[in-house]
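A.B. asks: Okay, handing you the structure first.
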Amino acid sequence: MLTLGGEQVEEAVAGAVALLRTATDRDWTAVRAGRLDWDCRRTAEHIASDLIAYAGQLAGRATRAYVPFEITLDDGTDNEGCLHVIETTGALLAAAVRTTPREVRAFHPYPFRSADREGFAAMGITEVLVHTHDIAEGLGLAHEPPAGLCADVLARLFPHGRPG
């Protein structure tokens with residue numbers, strides 16, 4: 001298992017954005033994201049929101065609750081702009097993961113009320129991979145996330161699970 005860090009966050013985000021960029025000409029608000037109740041646009045905004053929230057937890061050294069802020073896209077933001085926000089929030093999480101000392105833990109409700117930088121990287125990567133799949137399904141795009149990255153994230157988040 002690899003150590004999960006900023007490079008893996010960037011890999012997940014780059015793959016997601018590359019795939020979704022092939023469908024920026026479509027109306028993401030008119031299509032449900034896979035089996036979610038959200039449309040594809042709301043799901044993309046959720047990805048960005050989680051990435052910045054995890055970066056905020058680490059950078060702010062939050063210990064008792066989530067740092068109280070939320071991301072919203074400006075009115076009129078098109079799909080390309082939405083992807084730019086995902087790239088930006090992914091870069092912020094990658095930077096927070098890289099610069100947070102190894103011993104720091106920050107608040108996250110599950111499973112132990114906190115996580116370290118690798119845990120936040122793994123959770124961010126998971127959000128990107130899972131919700132890119134949801135959006136891709138809604139838009140009719142083929143999505144195959146990197147197998148090694150998936151295996152590393154699963155091993156980190158579910159260490160007692162058996163590979164395969």
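A.B. asks: Using amide H atoms built in the peptide plane, which far-off residues or other-chain residues are under 5 Å from ASP39 H to H?
C.D. replies: ALA33
A.B. asks: Given contacts defined as C-alpha pairs under 8 Å and at least six residues apart, what's the relative contact order of the chain, whole-number percent?
C.D. replies: Worked out over the chain, it gives 35 percent.
A.B. asks: About the Cα centre of the chain, what is the dipole size in debye to 20, counting +1 per Lys and Arg Cβ and -1 per Asp and Glu Cβ, all else neutral?
C.D. replies: 800
A.B. asks: Along Cα→Cβ, 7 Å out, is where each label goes; now give me the distance between the ones at ARG32 and ILE71 in nm to one decimal.
C.D. replies: 2.6
A.B. asks: In degrees from 0 to 90, rounded to the nearest 10, what is the angle of the helix 6-21 Cα long axis to the longest principal axis of the chain?
C.D. replies: On a 0 to 90 degree scale, this one is about 10.
A.B. asks: Whole-Hz Karplus ³J(HN,Hα) for the range 144-156, in order, using 6.51 cos²θ - 1.76 cosθ + 1.60 and θ = phi - 60°, x for Gly and Pro?
C.D. replies: Result, ordered by residue: 10, x, x, 4, x, 5, 4, 4, 5, 5, 4, 5, 6 Hz.
A.B. asks: Give the calculated FRET efficiency between GLU103 and PHE158 to the nearest 0.05, with a Förster radius of 30 Å applied to their Cβ-Cβ distance.
C.D. replies: 0.80
A.B. asks: Taking the Cα centre of the range 64-154 as origin, work out the dipole magnitude from +1 charges on Lys and Arg Cβ and -1 charges on Asp and Glu Cβ, in debye rounded to 20.
C.D. replies: For this selection, approximately 700 debye.
A.B. asks: Which residue, ALA155, VAL17, TYR54, has the largest displacement toward the positive end of the dipole of the chain when charges sit on each Cβ (Lys, Arg +1; Asp, Glu -1)?
C.D. replies: Of the listed residues, the answer is ALA155.
A.B. asks: Shifting gears a bit: What number in nm² do you get for the chain if you take the convex hull of its Cα atoms and divide its surface by four?
C.D. replies: Its Cα hull, projected and averaged over all orientations, spans 9.6 nm².
A.B. asks: Follow-up. State the Cα centre-to-centre distance between the range 54-78 and the range 87-164 in whole Å.
C.D. replies: 16
A short reminder: the numbers here are calculations on the coordinates, not readings from a lab. None of the values given here were measured: they were computed from a predicted structure. Positions of Cβ are generated from backbone atoms using ideal geometry, with glycine treated the same way; all protein chains shown enter the neighbour counts.
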